[in-house]
Amino acid sequence: MNKFYTLFLLLTLTVLSGCSKDLQLDDSARITELDNYWAEVSRCVKEGDYAGYKATCHKDGVLVSGSSDKAYPLSKALVRWKQDFTDAKSGITKTNVEFRFSKRYGDNTTAHETGMFLYTKVDAEGKKTKNYIHLEALLLKRGRWKIMMEYQKSKGTEEEWNKLK
């Protein structure tokens, strides 16, 4: 190989390795921001903070329900879920949601996350239910992250949950 070609290859590899480090840093920052987003969603569910939860949703967001084979605006789902938030806030029920992911794609302003959530509810009589749900989520960042599409694909199992980080 001539010296020019060798120098060109070295420069190219240096630039590419620098780009991949930048992409890793961007991924790391995005993942941290999204972890904070999901922590806020969890906080809102636990505390019954309906307004806070609503603020995590894009105004044009869509809920896709695999169990009912339907898709509709998140705003309609929020109306349906409001009583659960009210009950949690007043202490009638105790609710909690946790998230775990298997795939997390995106860049600084978009994200597609695949995984599961575990929704736990203790009703007024003390009966505890756990729902493991397979999830895909599409989020946009316009100042802050908001969910654009929540696809609750299907029921999952505790075993599947435990396999995720």
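Readers should treat all values here as calculations from the given coordinates under stated rules, not as data from a laboratory. It should be emphasised that the depicted structure is a prediction, and the values quoted were computed from it without experimental measurement. Positions of Cβ are backbone-derived with ideal geometry, glycine not excepted, and every protein chain shown enters the neighbour counts.
Only Cα pairs under 8 Å and 6+ residues apart enter the sum, and on that basis the relative contact order of the range 61-126 stands at 24 percent.
With the convex hull drawn over the C-alpha atoms of the range 44-106, the volume per residue is 121 Å³. Charges were assigned to the Cβ only: +1 to each Lys and Arg, -1 to each Asp and Glu. The resulting dipole of the range 3-163 about its Cα centre is roughly 240 debye.
Among the GluC sites (Glu not before Pro) found in the range 99-165, those both in a DSSP coil and sparsely packed, with 12 or fewer other Cβ atoms within 10 Å of their Cβ, are GLU125. Neighbour counts of other Cβ atoms within 10 Å put SER154, SER42 in the fewest-to-most order SER154, SER42.
Backbone phi angles across the range 83-92, fed through the Karplus curve with coefficients 6.51, -1.76 and 1.60 (θ = phi - 60°), yield HN-Hα couplings of 4, 4, 5, 4, 5, 5, 5, 7, x, 4 Hz in residue order; Gly and Pro are listed as x.
Annotation: amide H of LEU135 within the under-5 Å range of GLY115, MET116, PHE117, LYS153, sequence separation 5 or more or interchain, hydrogens built in the peptide plane.
Pairs exceeding 21 Å between alpha-carbon atoms, taken from LYS46/LYS128; LYS82/LYS121; LYS103/LYS128; LYS76/LYS146: LYS103/LYS128. For the range 3-163, count all C-alpha to C-alpha pairs, find those more than 24 Å apart, and express that count as a whole percent of the total. Percent of Cα pairs beyond 24 Å in the range 3-163: 43. Rounded to 0.05, the FRET efficiency of the LYS89 and SER65 pair, given R0 = 25 Å and the Cβ-Cβ distance, is 0.50.
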